[in-house]
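Report on the structure given below.
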Amino acid sequence: GKDRIIFATKEDHETPSTAELVADDPDDPYEEQGLILPNGDINWNCPCLGGMASGPCGEQFKSAFSCFHYSTEEI
């Protein structure tokens with residue numbers, strides 16, 4: 001699945017981390033765009049969706065929301 005369990009020992013925590021933080025990319029097309037991107041596509045990473053697009057029913061939510069968003073019928 002999508003999750004992975006990692007067990008760490010006390011010794012693992014004694015050495016300093018070598019992880020490097022990546023600076024925010026000011027040209028990231030998904031950053032600060034809101035729900036709808038400038039090209040009209042849905043920004044599935046928007047926090048306003050509250051994780052619905054990546055939750056257990058994510059694919060069903062994406063399908064239903066895409067149908068609503070791209071529909072040309074009256075609401």
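The values are calculated or read from the model by the stated rules, or taken from the named source; none is laboratory data. Since this is a predicted model, take the numbers as computed values, not measurements. When we count neighbours, we look across all protein chains shown, and the Cβ atoms used for this are built from the backbone with ideal geometry, even at glycine. In case anyone asks, the SASA skips ligands and DNA or RNA and just uses the protein heavy atoms, side chains included. Shrake-Rupley method; radii C 1.70, N 1.55, O 1.52, S 1.80 Å.
Taking interchain pairs and intrachain pairs at least six residues apart, which have beta carbon atoms under 7 angstrom, with the first residue in the range 43-55 and within 15 Å of H69 (Cβ to Cβ) and the second at pLDDT 85 or above and open to solvent by 70 Å² or more (accessible area, probe 1.4 Å)?
That search, which allows pairs on different chains as well, returns A53/W44.
In the range 38-71, which residue that is of a type in the set (S, T, Y) and within 24 Å of G1 (Cα to Cα) is most open to solvent (accessible area, probe 1.4 Å)?
Step by step, filter the range 38-71, then rank; the result is S54.
Could you identify the single residue in E59, E32 that is at pLDDT 90 or above and of a type in the set (D, E)?
Answer to the check: E59.
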